[in-house]
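Everything below concerns the one structure shown next.
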Amino acid sequence: MSRDEPVPEIPEPRANPELLGHAAAEAALRGAFDGGRLHHAWLISGPRGIGKATLAYRFARFVLAKGPAGGGAAGLFAEAELPETGEGLYVSTDDPVFRRVAAGGHTDLLAIQRSENDRGVLRTEIVVDDVRKTQGFFHLTAGEGGWRVIVVDSADEMNTNAANALLKVLEEPPPRALLLLVSHNPGRLLPTIRSRCQKLRLDALSPEIVGALLHRYAPDMAEADIETTAMLAEGSIGRALDLAASGGLGIYGQVMDLLDGVPDLDIPALHDFAAKCAAKKGADTFSAAAELMRWTMGRLVKHVGGGGEVLMEREARLFGRIGPAASLDRWLQVWEKVDELLTSADRANLDRKQVILNAFSAVAQVTRS
């Protein structure tokens, strides 16, 4: 891309015409639709930022675009009407259905997500009133005579009352009703919800796909930085773009510099880094540092456990040096302690500086024992 060309905006899932890396999942949904065996509820799971919601809206558009003839009816498609991607779920951006879904104005599609409270602040969870909209929505006749589709993004964010309300809908779905539940961690959902859904798990994207998308949406990044960011993102373009926007590579370098010193931490450098995380404008720095610390420790645990994932050269050297200092069980305990410390910083309003100091100290301590 020429530097004179504007950088394209990252489209929202409902307006994204492109889905990369999930051809098998597309084929599974298309096959179920064409074969007349479309389950009324699908649980689309996988890591954050890999395209789960994009797939959900892509499938919703496809189903809505086919109208009342959909669901596997014989002769559904004439040859000229086949999607451009063959057996995929493509709907042209010029299609009125695509435009209405992208604008949030399709009468037969309902999106369930976190709403704002009375003060206009976005809630931290999906509440029961959000889910109750599904009951009235499904009792209406489809405005265009076909399907009615609900996308829940993400189902993990439902509180207990909301989850129970959704369960009632799952137990007694009306005809031509389709529920698409996006989940980053399906283990958090009620077992009864999981059991009533057809499960479709998406894998992480390849570093090549993440790199290609970084070239598109962060064209000013150096090639070496794109390669490193793609590796750190672990198959999530969402995570990669967050790292690019927050200066994550610089923070990663500082985290690795500190870990390279264990068991003898560079105390002045550690205090300086912790102070940056605790500053009034340091929330983003702390958030990036916390995520990078979790990912690094998680990869260390996998390495000690014999995981075969590819490591960057710097991490490979670090893990080879400190990994043998403790057993897998001990490293798991350290990972859990570090994760709890970092998570508690916001949940319990702890001093971010002290949290960072304690997290690095926990790593250093295990390498001395």
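Each value in this text was obtained by applying a stated rule to the coordinates, not by laboratory testing. Only a predicted model underlies this, so the values are computations on that prediction, with no experimental measurement involved. Virtual Cβ from ideal backbone geometry, glycine too; neighbours counted across all protein chains shown.
Quick look at the values:
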| item | result |
| --- | --- |
| Most fluctuating residue given options 312, 221, 256, as computed from a GNM of the chain linking Cα atoms under 10 Å | 312 |
| Beta bridges per DSSP with both ends in the chain, % antiparallel, nearest 5 | 5 |
| GNM result for the chain, Cα springs below 10 Å: residue of 140, 89, 190 fluctuating most strongly | 140 |
| Trypsin sites (Lys or Arg not before Pro) lying in DSSP loop within the stretch 279-331, provided at most 16 other Cβ fall within 10 Å | 280, 281 |
| For residue 279, residues with placed amide H under 5 Å, excluding near neighbours | none |
| Surface/4 of the Cα convex hull for the stretch 246-368, nm² | 7.0 |
| Relative contact order (percent, whole number), the stretch 246-368, Cα cutoff 8 Å, 6+ residue spacing | 34 |
| Computed [θ] at 222 nm, deg cm²/dmol, the chain (DSSP H ≥ 4; -39,500 (n - 2.57); rounded to nearest 500) | -16000 deg cm²/dmol |
| Between the stretch 209-260 and the stretch 14-28, the Cα center-to-center distance that results, in Å | 23 |
| Sequence-distant lysines (8 or more away, or on other chains) whose Cα lies within less than 20 Å of residue 281 | 353 |
| log₁₀ of I(q)/I(0) at q = 0.11 Å⁻¹ - the stretch 121-224, Debye sum with one point per alpha carbon | -0.49 |
| Binned Cα-Cα distance frequencies in the chain - 10 Å width, integer % | 5, 20, 27, 24, 16, 7, 1, 0 |
| Bins of 10 Å from zero: percent of alpha-carbon pairs in the stretch 271-331 | 21, 39, 27, 12, 0 |
| Within the chain: Cβ-based charge dipole about Cα centre, in debye rounded to nearest 20 (Lys, Arg +1; Asp, Glu -1) | 1160 |
| Choice from 279, 212, 289 with maximal GNM fluctuation in the chain (Cα, 10 Å cutoff) | 279 |
| Counting DSSP beta bridges with both ends in the stretch 13-201, the antiparallel % (nearest 5) | 5 |
| Relative contact order (%) - the stretch 104-189, alpha-carbon pairs under 8 angstrom, separation at least six | 34 |
| P(r) weight above 25 Å for the stretch 13-201, C-alpha pairs, percent | 30 |
